[in-house]
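**Q** Shown below is the structure under consideration.
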Ligand SMILES: Cc1ncc(COP(=O)(O)O)c(C=O)c1O
């Protein structure tokens, strides 16, 4: 299995990252995960745009153009012959020696880029059965729009879910549902689909973007507005979304059934629309 290290495709074992890399010491970096179906990367431009926006927000100069990054990622997918799977890539502010919180002089920064691939089939069984989630206060920072590699808050939330055998933790801040630990959160009440608007409290999910588009095109009612924890608990249907999970139904919340405890009709419809969109871009799904 090959990986990308800076601009080269190399053997994983040959990668050397300095122990004073700011990604390693401070979590000073950004990441993305893109899904490949049939060897074609889905929404690659949107993911690359988000990394560039993130880099702007943290004053990190991207070491390549969008097109160069795109070609690099595509070449790794080809090299590793990934059919259905994920590519993970990250960019850090590089070696920051001597250790100092302040950003180094931009002239002296050499960002470190790495990328790797994993074969990840679509989990059709889980998508048809749905998952359990817990609700938990959102203890993270206030720049959740930045896809930062500093993920301790998210990691801790997910761990709370796993401790009680749940799949995901849906977070809330001041009574408002924000997002889950590694996915966006949605609820459906009286045929209206709700999700938190983009801003600093959530990550602007690329899957969210796709779902908003396909739902609106299909004439479904969508409101990108804040909703409360109470509303979530009274919802008819709940789901989470991410690059890997696509449209994943949530059938229990804190141990109580969502609606009748089965995957509901609007979530099922969104799953179909999502699969159609992926098929349109990447070809027939298996
Ligand atoms: C905190 C958080 N929110 C939302 C998402 C969903 O983003 P996307 O749909 O771009 O994968 C993720 C994905 O990793 C995430 O970590």
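**Q** Among 225, 230, which is out of contact with any strand residue (DSSP E or B) (no Cβ under 9 Å at 6 or more places or on another chain) and touching a residue at least 24 places away in the same chain (Cβ under 8 Å)?
**A** Numbers: 225 fails: out of contact with any strand residue (DSSP E or B) (no Cβ under 9 Å at 6 or more places or on another chain).
Among 225, 230, only 230 is out of contact with any strand residue (DSSP E or B) (no Cβ under 9 Å at 6 or more places or on another chain) and touching a residue at least 24 places away in the same chain (Cβ under 8 Å).
**Q** Still on this model: Which of the residues that make up region 185-206 are within 15 Å of the ligand (Cβ to nearest atom) and in contact (Cβ under 8 Å) with a residue 40 or more places away in the chain?
**A** The first filter runs over region 185-206 and keeps only residues within 15 Å of the ligand (Cβ to nearest atom), leaving 185-186, 195-206.
Within region 185-206, 185, 186, 198, 199, 200, 201, 202, 203, 204, 206 qualify.
**Q** How many of the residues in region 11-45 are in a strand (DSSP E or B) and surrounded by 13 or more Cβ atoms within 10 Å (Cβ to Cβ)? Talk me through it step by step, then tell me what you get.
**A** Keep residues of region 11-45 that are in a strand (DSSP E or B), which gives 11, 21, 29-37, 40-41.
Of the ones still in play, those that are also surrounded by 13 or more Cβ atoms within 10 Å (Cβ to Cβ) are 21, 29-37, 40-41.
Residues in region 11-45 being in a strand (DSSP E or B) and surrounded by 13 or more Cβ atoms within 10 Å (Cβ to Cβ): 12 in total.
**Q** Residue check, residue 214 against (1) touching a residue at least 40 places away in the same chain (Cβ under 8 Å); (2) out of contact with any strand residue (DSSP E or B) (no Cβ under 9 Å at 6 or more places or on another chain); (3) surrounded by fewer than 16 Cβ atoms within 10 Å (Cβ to Cβ), all met but one. Which one?
**A** For residue 214, the exception is condition (3).
**Q** Within region 125-136, is there a residue that is within 14 Å of the ligand (Cβ to nearest atom) and assigned by TED's automatic domain parsing to the domain that holds residue 272? Working first, answer last.
**A** Applying the first criterion (within 14 Å of the ligand (Cβ to nearest atom)) to region 125-136 yields 133, 136.
Applying the additional criterion that residues be assigned by TED's automatic domain parsing to the domain that holds residue 272 yields 133, 136.
Yes, the conditions are met somewhere in region 125-136.
**Q** Of the numbered conditions (1) closer than 15 Å to residue 247 by Cβ; (2) within 14 Å of the ligand (Cβ to nearest atom); (3) part of a strand (DSSP E or B), residue 169 fails exactly one; give the number of that condition.
**A** Every condition holds for residue 169 apart from (1).
**Q** Looking only at residues that are within 15 Å of the chain's Cα centre (by Cα), surrounded by 22 or more Cβ atoms within 10 Å (Cβ to Cβ) and without any contact (Cβ under 8 Å) to a residue 60 or more places away in the chain in region 172-184, which one is farthest from the ligand (Cβ to nearest atom)?
**A** Taking region 172-184 and keeping what is within 15 Å of the chain's Cα centre (by Cα), we get 178-184.
From the residues that got through so far, the ones that are surrounded by 22 or more Cβ atoms within 10 Å (Cβ to Cβ) too are 179-181, 183-184.
Applying the additional criterion that residues be without any contact (Cβ under 8 Å) to a residue 60 or more places away in the chain yields 179, 181, 184.
Values: 179: 5, 181: 6, 184: 5 Å.
The extreme case among them is 181.
**Q** To continue, here is another question. Select from region 207-248 the residues that are under 17 Å from the mean Cα position of the chain (by Cα) and either part of a helix (DSSP H, G or I) or away from the ligand (no atom under 12 Å from the Cβ) (or both) and list them in ascending order. Working first, answer last.
**A** So the first thing to find is which residues in region 207-248 are under 17 Å from the mean Cα position of the chain (by Cα), and the list is 207-212, 239-248.
The answer is 207, 208, 209, 210, 211, 212, 239.
**Q** Confirm whether residue 97 is part of a loop (DSSP other than H, G, I, E, B), in contact (Cβ under 8 Å) with a residue 60 or more places away in the chain and more than 16 Å from the chain's Cα centre (by Cα). Write out each step before concluding.
**A** Values: part of a loop (DSSP other than H, G, I, E, B): yes; in contact (Cβ under 8 Å) with a residue 60 or more places away in the chain: yes; more than 16 Å from the chain's Cα centre (by Cα): yes.
Yes; evaluated as a whole, the condition is true for this residue.
The values are calculated or read from the model by the stated rules, or taken from the named source; none is laboratory data. None of the values given here were measured: they were computed from a predicted structure. Every residue, glycine among them, receives a Cβ derived from its backbone with ideal geometry; neighbour counts consider all protein chains shown.
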